[in-house]
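Novice: Let me give you the structure first, and then I'll get to my questions.
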Amino acid sequence: MDEAPNWFKKGVALYEKGDYRRAITAFDKTIAIDPTMAEVWNNRGLALVQTEQYQEALLSINKALSINPNYENAKKAKKIVLDLLKDLQNVNNAPGPAGSPLPPVPWASARKHSKIFAATIIVLVLIVVATGGLMLMKSMQNNAGTTLPTAPTPEPAIGPTAVLTTPAIPTTAQLPASGPGDIPPGKGQFVFNDSLGNSDRPITVYTYRPAAWNQSGPILIVMPGAGRTGQSPRDTWVPYAEEYDSLVLVPEFSQEYFPGDMWYPLGYIYGSTNWEPKANWTYMAIEHLFDYVREETGATQETYLLDGHSAGGQFVHRLVTFLPDARYSKAVAANAGLYVMPDYTIPYPLGLKDSPLPESELAKVFSRKLIIMSGSSDTNPKDSSLANFPAAEAEGSTRFARAQAYYASAQAQAAALGVPLNWEYHIVPGVGHDEAGMAGPSAEMLFNES
């Protein structure tokens, strides 16, 4: 537990220097070692406020209150954040074009409408100074080795007023595993807290490192299917990791922290009432994870490989669509059950009309290397896990048909724009909706030069 006070002290020092993002990282490291300290969660929330991540700040401060309901400074901080959120909500709810959801108001503009912004920041600084330094260090040392009870609070319902609710996150389960700097040969796992995105929603990352992998070797990120578990796809990819000497990372976006389609395959682009800031998109967590692993392991690769099967394939092709500058070199979307068609006549989320992707960016999307894969036997129209609402059926009655429709739409749109299409479509004979059956052909596409 000695490391926890040291990281906390670093976080307080960074905060006082105005280096808020690094302060958040230091508080995250403290929490990874000892998640039971209310003061750490509260100070982390205050740092998030300084980086204008108000909803995430509220989650962190609520966590502090779930540990210590009588924590007066956290109560004051919570009231301030709720006032800020309410002020921003009033700005964001200004009338907009009919039938089109409003994007978030830029923060510089929001500040002009917030009568309390300057005063609250001063108060927040006073709060963090009052609770920081040696007093909290002493508190942490006195509590070292103890576990305070916390009562999990259900995920708040998604609705128009969700931004004004006071959700408390479930207790973070810290896994007994090495951090990424110590990714050992063989199987492993660690917990990734995305301090640049949804930092209060931990992601368990399952890993496999072949003995032959070194810092210049490839890095493959595999997206799980609808079950969300990371262990099974990691184990599926072990023989291919060995064959191609690749480090494998499987981030697990659990239902507990990333509930429903909105948070996983749809990438949390759109929240309860508005478009979300790009840093909070679930897709961006992949970019942040890549940076984190590179920094901690010393990996020199500038790009990563990306694969997803079924719901993971949905995630992959949407990341490709909405993050045209993402640093994957190749991406495979295998046996996806639903697509966002590259067509601006079809409304989001099944098309690009009213989506965050400008039409001027579509040519760039087409220029990236996306490989669409179908098992030739993935043709059951009655599959219980296959979306069957009318807009989904319009893409085709089976996953096989929908993949073909998706690729055909891309070909047509690229031709209409007069730009090249760098996508490929491949059929795997004799394979149905089977991740293990698709993994080998996907690996061949990803690791071999083409």
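The values are calculated or read from the model by the stated rules, or taken from the named source; none is laboratory data. What you are looking at is a predicted structure, and each value in this text was computed from that prediction instead of being measured. Don't worry about glycine lacking a Cβ; one is built from the backbone with ideal geometry, like all the others, and counts go over all protein chains shown. Side chains included, ligands, DNA and RNA excluded: accessible areas come from the protein's heavy atoms. Shrake-Rupley method; radii C 1.70, N 1.55, O 1.52, S 1.80 Å.
Novice: Under 5 Å between amide H atoms, partner at least 5 residues away or on a different chain: which partners does Val332 have, H built in plane at 1.01 Å?
Specialist: Correct list: Leu306, Asp307, Gly308, Ile371.
Novice: Sorted by packing (mean other beta-carbon atoms within 10 Å per residue), highest first, where do 401-408, 182-189 land?
Specialist: The densest-packed peptide leads the list: 401-408, 182-189.
Novice: Name the residues whose placed amide hydrogens come within less than 5 Å of the amide hydrogen of Ile346, ignoring near sequence neighbours (fewer than 5 apart) on the same chain.
Specialist: For Ile346, the qualifying residues are Leu352, Lys353.
Novice: Rounded to the nearest whole Å², what accessible area per residue is found for the stretch 299-349 with the 1.4 Å probe?
Specialist: 24 Å²
Novice: Relative contact order for the stretch 323-374: what percent, with Cα pairs under 8 Å and sequence separation of 6 or more?
Specialist: Relative contact order comes out at 44 percent.
Novice: Give me the number: length gained by fully extending Tyr344 to Tyr425, i.e. 0.36 nm times residue separation minus the C-alpha to C-alpha distance, one decimal in nm.
Specialist: 27.0 nm
Novice: Which whole-percent values make up P(r) of the stretch 276-321 when all C-alpha to C-alpha distances are grouped in 10 Å steps starting at zero?
Specialist: 23, 49, 27, 1
Novice: Also: What is the distance in Å between the Cα centroid of the stretch 390-450 and that of the stretch 342-366?
Specialist: Using only Cα atoms, the two centres lie 18 Å from each other.
Novice: Report in % the part of the accessible area of the stretch 256-310 that belongs to carbon and sulfur, leaving out ligands and nucleic acids; probe 1.4 Å.
Specialist: 48 percent
Novice: For the residue pair Lys86 and Lys382, what label-to-label distance in nm results when each label sits 7 Å from Cα along the Cα-to-beta-carbon direction?
Specialist: Each label point lies 7 Å from its Cα, and together they span 5.5 nm.
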